[in-house]
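A short write-up of the structure that comes next.
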Amino acid sequence: QNKEMINRGLFILFEGVDRVGKSTQVQNLVKFLNDKQLSTKAMRFPDRTTPIGTIINAYLQNSTNMDDRALHLLFSSNRWEAKDSIYQALNSGVNLVVDRYSYSGVAYTAAKGIDFDWCYACEKGLPEPDVIIYLSMNSEDATKRGDFGGERYEKLEFQKKIKDIYESKLMTPKWKVVDANRDIETISKEISDIVNKELDIIKNKQISTIS
Ligand code: TMP
Ligand code: MG
């Protein structure tokens, strides 16, 4: 088959603080797109399966300590090491639905008081998502959800700082804000409607990079 005839895949990203339901919505969207015969794969960051991801995982489970900037660079490296496979999927027509990316990296480290521009700098040049879906919820409600508190960053005061950085410094008019404090099916329906619209608009645009 002629290569020019394949539409590239869409890079769809989910962002938001812990426990807003990103992973559930990623699964539902992957299923929705595959059911429409649109080849789609899920991806998540951190990718805990690589050697770098193993170090990150140990940190998140509180079993190691690390300098904040060193950790930040590992999270960023964990995206850079995935760059080729991201391009490969998109260029072969596979949609990617991604659970967290550069914006999590910046929000979580900047929430520790580290300079925002320093945090952002190492993300520049990575492939840029076509659609960013931000699941929004009041921090008190998110922290009351099941399993909250198991990992390093799951503390109410810190979650509020992260939410503030997402909403005051990272969000652009391009981000789609979805109210995550509703039932799963209602949220999934809103998201699939958003993605359906974007599919037609974006398929002929070049993949851009974070700048
Ligand atoms: P997860 O719960 O989505 O697996 O993510 C693990 C934690 O890592 C979560 O609290 C968010 C945080 N995180 C960062 O601090 N920097 C990053 O670059 C990413 C992708 C996640
Ligand atoms: Mg988590």
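The numbers here are math on the coordinates, done by the rules we state, and not lab data. Since the structure is predicted, the reported quantities are computational estimates derived from the model, not experimental observations. Cβ sites come from the backbone with ideal geometry, for glycine too, and all protein chains shown count toward neighbours.
Simple spin-label estimate for Gln61 and Gln37 gives 4.3 nm between the two label positions (7 Å along the Cα-to-Cβ direction from each Cα). Estimated at 0.36 nm per residue, the fully extended path between Glu185 and Asp117 surpasses their Cα-Cα distance by 20.7 nm. As a ratio to 2.2 N^0.38 Å, the alpha-carbon radius of gyration computed for segment 1-75 takes the value 1.48. Counting only DSSP beta bridges whose two residues both lie in the chain, roughly 5 percent are antiparallel. Think of it as helices only: each DSSP H run of n ≥ 4 in the chain is worth -39500 (n - 2.57), and spread over all residues that comes to -13500 deg cm²/dmol at 222 nm. Taking a ≥ b ≥ c as the square roots of the eigenvalues of the alpha carbon gyration tensor, segment 91-211 is oblate, as a/c is not under 1.5 and a/b does not beat b/c.
Which links in Lys22/Lys112; Lys112/Lys169; Lys22/Lys163; Lys41/Lys83; Lys124/Lys163 stretch past 18 Å when you go from one Cα to the other? Over 18 Å Cα-Cα: Lys22/Lys112; Lys124/Lys163. Taking the Cβ of Lys174 as the center, what net charge do the other residues with Cβ under 15 Å away carry, scoring Lys and Arg +1 and Asp and Glu -1? Spelling it out: positives minus negatives among the neighbours equals -1.
Listed from fewest to most Cβ neighbours within 10 Å, the set Ile12, Ile202, Ile210 follows the order Ile210, Ile202, Ile12.
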